[in-house]
Amino acid sequence: LLNEVIMKHANDISSAAVRAQAVHGIALLLDAQASHGVLRPLLPLLGNLIHDSVERVRLACVKLLLKVKKLKGIKYYHVVPSNHILARLAVEGEGLRKPTGPVASALTELLLNSYFPQHVKGSEQMRRTLHFIHKSPSAARVFYANIGRHLEINNTSKLIVIMIKTIKLAINREKSYEESRRKKRNRVDDGDETLEDEEDNDTEGMEVIASNTHLMAGLADTICTVWTSISSDLIKPENINCLEFVQSSISGTTLTELCTHFEGYLTDIDSHCTKKDECDRICASLLCCAGYMSSENIEGLCEYLSTRIKTYGEATSGERDTMSLIPYLATLCSWGMENEVAASLGKSIKNAFDEIRGVYRCDFESATPSNEEGNITRSKRKQSSLHNQDENSSAIFPLIPGDAALQIIGFVISGKDVSTVTTRDAILSSDIACNAIENALENATTAADNVLTGMEKLCNDDRLSLILLACEIHGRFALHKQAFNNYPIKMSSQARDFFIWITNRVVKNLSQWKEKEDMISTMSPFQDLNLSRISAVGSRHSEVGPPLSPLPISPPRRRSNLNSSPSNMDASFISMEKRGGVEFTVTSDISSSTRSHVMAISLIKSAINIYSEWLLVGVEVTSEMRKYVLQWCQIMKHDFVKVKSELFPSFCRLAIIFGKLTFEYDLLSEVLSVFDTRHSACKGLDEIISKVIHVVLSIRDSESSKHALSFVQTLLKASEMYLNYDPETINTDLTNDADIEDLSLGKNLGLMLAVEAIMNHQKGVVLLIKMLLDHLKTGKQDNLVFSFHKNMLTLSCQKLSHAKAIRDAKVLLRAYEKNDSDDLCQYIKVATEAIS
């Protein structure tokens, strides 16, 4: 019976419920002490279930370990090795899984006595904590995120204080160490040569020092994680003593000293060094704690933040790469100053565009909006209010360069760490803050209009990149704002206006632009194409899901699905968020005569990608947006080689998303047909089209066959529109060595490559053969189309290479041969011979 339960039911791949119940059954048997001797050698056979793909089974396995832990004769780490337990704990905090989920919480309870025992001295607790953080940082992060659930708040507060004191001790120890080394160097200079060994001996046991930034970063992250996990409990009246106890160990002055010490390392290390990232993590985690402190305990910290922001603004572009401003913004936002932060960022951006227009302004005042006296008065009152708000915020948040402000906004809306999430949530939850940033970003469309119409003659490449970055961030910001405030998500009016502007101004400008000789030989001013966006769309992770921006109000509560593990967010969305405006940055010098052309291409590319993300987060396809996209697609019809090479991958991705949502692939066939000749082909065209076909035919959902059928049918119909047969050879059969070009698809290279890719796909070629047989069976076609279908059937059978595809095709041909007319049987016979 035990062999049946453990070897068969616990490994039943067809049902997660059976596997979970098998583990529960074994756990019940452990209640009988007489079963321990029999089960001891069998329990390790259940250990692999801790890595089961279904959460329900993993949770059952961990509960089994918790029961084993209470037994005297069996050790739980003999059932599942400790390295597997730590690996599972680390994985539970990855991706979209919450680090405070049921499995992570149960694993924390399992390891609690090992890494934070209660009946030992504080020094021993700290020793084990440091060992855990050093050896398994990922697992430690999840462990300490859940530790507050299994300890009293007094003990958790004590842990925070001990870790803060450890960081202070590490800094003091390093200072003492440096002082000791300085004295020894002086003694060596005086002629004492026996001190080198003493210096080596002093370094022993000095691992817990501030220069060990890897350990300090893990310790600071742990302080922030633990404090965050109990922050809501600390502010309760009954826990006021614990809050005061924690705050007594750290003040604004202390935080300033700690951050200043670790920021000192940044001037002595390479900008791409791991130590820089660790120092940034330390400062970010320590400043995150400041957000939970009362106003009486942050004295001196405001001046420090203001100084750091001012230093950031005065630094060069290269120096800013070694600095991170997000933690300082997160601290200000946690104090309720998100409106001031947004106002200063918006003002910095607006000043940059005023400079582009040749107007150097220092505030938000603009030209008089109207000649009506009433409107002027109201406008001045509003401007005065904004001006006063700017004066109040400028004392803490000085102005910074416009490109730096744009990069910061890009980081804020795309980051996933604690600091960026805090800043993003605060800004997106405030209408005043959102309006300040949106009003500043709208200046980018005005500047772009001036470049497109030729009004701006002095726009260099740096300013062009600034305009493109601002336009792209404007579209992304609208997406995040709407995703944050609404569920289900609907397209905002700002985004709609942005797409209308792209259609009416940018696309129209590019359509009227006549290709020049220097454009043909000019190298592409953009970075290399990111083909991973296309391949990611059809993956199993590309299901339409919640937005990347956290929602202030959770969606309607649903039952937890313990029979399946959650999938990650669409990889293409995350790729887009990480790259941000970099993808639309001009990377080579271009002549002034082509700036308008480059601007239009980049803006259209940005609009395509942004609209793709709107669709991926759940926005419905509307007839209005379909009309706009079709107008954008007409640009591909122009004989602009660079337009096609830059926009084709983005259009393919958008068309695939359209098809996944609507089961209509007309847009994709339209995009594929733009390359009508070899002369118009771009680099890597065959690779791109092959990926597109593979993605569509490999969609994995309940209606995958419907997607494949609709796509092949649409592509076949589009191919018929480009037929260009010679009347004298219309009824000529293909030879054995025929190729795809012999189908003469009007010499349309894009469609020929698409059809060839279908023929090389195991699933696609069988579906194509079935569809061609259905068309030949009806016989209601003109001579040209009929001959095309007949020759395509023969060529498809010749191209068969996969063993499974050959078997399926033969079965399909035999089925049609038994039930159809003699004419069709003749074509089936030719197709069968082609397979042979």
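Being at pLDDT below 85 and closer than 26 Å to Glu263 by Cβ is true for just one of Thr316, Thr331. Which residue is that? Quick ask: steps written out before the conclusion?
Details: Thr331 fails: at pLDDT below 85.
None of the other options fit; the residue is Thr316.
Report yes if some residue within the stretch 299-308 is open to solvent by 70 Å² or more (accessible area, probe 1.4 Å) and under 35 Å from the mean Cα position of the chain (by Cα); otherwise report no.
yes
With respect to Lys818, determine if the residue is surrounded by fewer than 16 Cβ atoms within 10 Å (Cβ to Cβ), modelled with pLDDT under 80 and assigned to a helix (DSSP H, G or I).
In short, yes.
Going through the stretch 687-728 one residue at a time, which ones are of a type in the set (Ser, Thr, Tyr), in contact with a Ser or Thr (Cβ under 7 Å, 6 or more places away or on another chain) and at pLDDT 85 or above?
Thr714
Taking only the stretch 591-636 into account, find how many residues are assigned to a helix (DSSP H, G or I), open to solvent by 10 Å² or more (accessible area, probe 1.4 Å) and closer than 22 Å to Leu464 by Cα.
Going through the stretch 591-636, the residues assigned to a helix (DSSP H, G or I) turn out to be 592-616, 623-636.
Retained after the next criterion (residues that are open to solvent by 10 Å² or more (accessible area, probe 1.4 Å)): 592-593, 595-596, 616, 623-624, 626-628, 630-631, 634.
Now narrow it down to the ones that are closer than 22 Å to Leu464 by Cα: 592-593, 595-596.
Of the residues in the stretch 591-636, 4 are assigned to a helix (DSSP H, G or I), open to solvent by 10 Å² or more (accessible area, probe 1.4 Å) and closer than 22 Å to Leu464 by Cα.
Going by the conditions given, is Leu130 in contact (Cβ under 8 Å) with a residue 60 or more places away in the chain and open to solvent by less than 50 Å² (accessible area, probe 1.4 Å)?
So Leu130 fits the description; yes.
Among the residues of the stretch 224-255, which ones are open to solvent by 10 Å² or more (accessible area, probe 1.4 Å) and closer than 12 Å to Ser294 by Cβ?
Matches in the stretch 224-255: Ile235, Ile240, Leu243, Glu244, Gln247, Ser248, Ser251.
Considering only residues of the stretch 50-104 that are open to solvent by 20 Å² or more (accessible area, probe 1.4 Å) and among the small types (Gly, Ala, Ser), which is modelled with the lowest pLDDT?
Gly95
For the stretch 116-133, check the following and say yes or no: at least one residue is among the hydroxyl-bearing types (Ser, Thr, Tyr), assigned to a helix (DSSP H, G or I), out of contact with any Pro (no Cβ under 7 Å at 6 or more places or on another chain) and more than 27 Å from Lys165 (Cα to Cα).
The answer is no; no qualifying residue exists.
Is it the case that the stretch 786-804 has a residue that's of a type in the set (Val, Ile, Thr) and within 16 Å of Met721 (Cα to Cα)?
Looking for residues that are of a type in the set (Val, Ile, Thr) and within 16 Å of Met721 (Cα to Cα), one finds none in the stretch 786-804, hence no.
Which one of Phe498, Phe484 is part of a helix (DSSP H, G or I), crowded, with 21+ Cβ neighbours inside 10 Å and in contact with an Asp or Glu (Cβ under 9 Å, 6 or more places away or on another chain)?
Phe484
The values are calculated or read from the model by the stated rules, or taken from the named source; none is laboratory data. Predicted model only: the values in this text are computed from it and were never measured. Positions of Cβ are backbone-derived with ideal geometry, glycine not excepted, and every protein chain shown enters the neighbour counts. Only protein heavy atoms, including side chains, enter the accessible area calculation; ligands, DNA and RNA are left aside. Shrake-Rupley method; radii C 1.70, N 1.55, O 1.52, S 1.80 Å.
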